[in-house]
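Read the figures in this text as sums done on the coordinates, not as results from a lab. None of these values were measured; they are calculated from a predicted model. Every residue, glycine among them, receives a Cβ derived from its backbone with ideal geometry; neighbour counts consider all protein chains shown.
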Amino acid sequence: MFLPQSPSDECVVILIGPASELSKKPCRVMYSPLGRDSDVCLFYVRGQFFAMDARCAHSGGPLCEGDIEEADGVLQVFCPWHDYGYDLRTGKSGTLLEQQVYEVKLVDGDVYVKHASHLSLRPFPMCKPVRET
């Protein structure tokens with residue numbers, strides 16, 4: 001279970017959906033209202049859920065489109081653009097680059113992710129600036 005949040009805690013616990021549905025795909029993008037740089041990938045590999053930033057720390061490649069493999073005994077996602085590999089559990093790579101990972105919990109058949117903003121499996125609508133007259 002997640003620890004109770006304090007008022008100073010910047011993260012919130014978000015219900016993403018039922019594990020029975022989310023486990024049908026190896027990766028899904030969870031969209032943030034803060035923009036695509038705050039989107040998160042939800043991976044389902046070998047019966048476990050993992051969450052990390054959706055854009056590669058190297059050049060912003062879409063990690064949900066990357067291959068998931070076991071390399072050197074570690075489950076990794078490989079960026080489709082330049083093949084950088086990141087540990088799904090820690091976000092660490094064989095380089096100095098590191099991906100932010102997020103706590104994922106399964107509670108009563110539902111998947112929850114701890115993140116700084118609301119996350120949605122559907123993109124947030126783009127707001128057009130209000131034009132002053």
Which of [x] 59, 37, 31; [y] 38, 30, 25; [z] 89, 24, 18 gives Cα extents along the principal axes in Å as computed here? It is [x]
If one builds a Gaussian network model of the chain from Cα atoms under 10 Å apart, the most fluctuating residue listed among Lys25, Lys105, Lys92 is Lys25
Highest GNM mean-square fluctuation among Gln99, Gln76, Gln48, for the chain with Cα springs under 10 Å, belongs to Gln48
Between Lys105 and Asp83, the two model label points (7 Å from Cα along the beta-carbon direction) sit apart by a distance in nm of 4.0
Charge tally for neighbours of Leu42 with beta carbon under 15 Å away, counting Lys, Arg as +1 and Asp, Glu as -1, is +3
With -39,500 (n - 2.57) per DSSP H segment of 4 or more residues and division by the full residue count of the chain, the 222 nm estimate, nearest 500 deg cm²/dmol, is -500 deg cm²/dmol
GNM of the chain, Cα pairs under 10 angstrom: of Val74, Val104, Val40, the biggest fluctuation goes to Val74
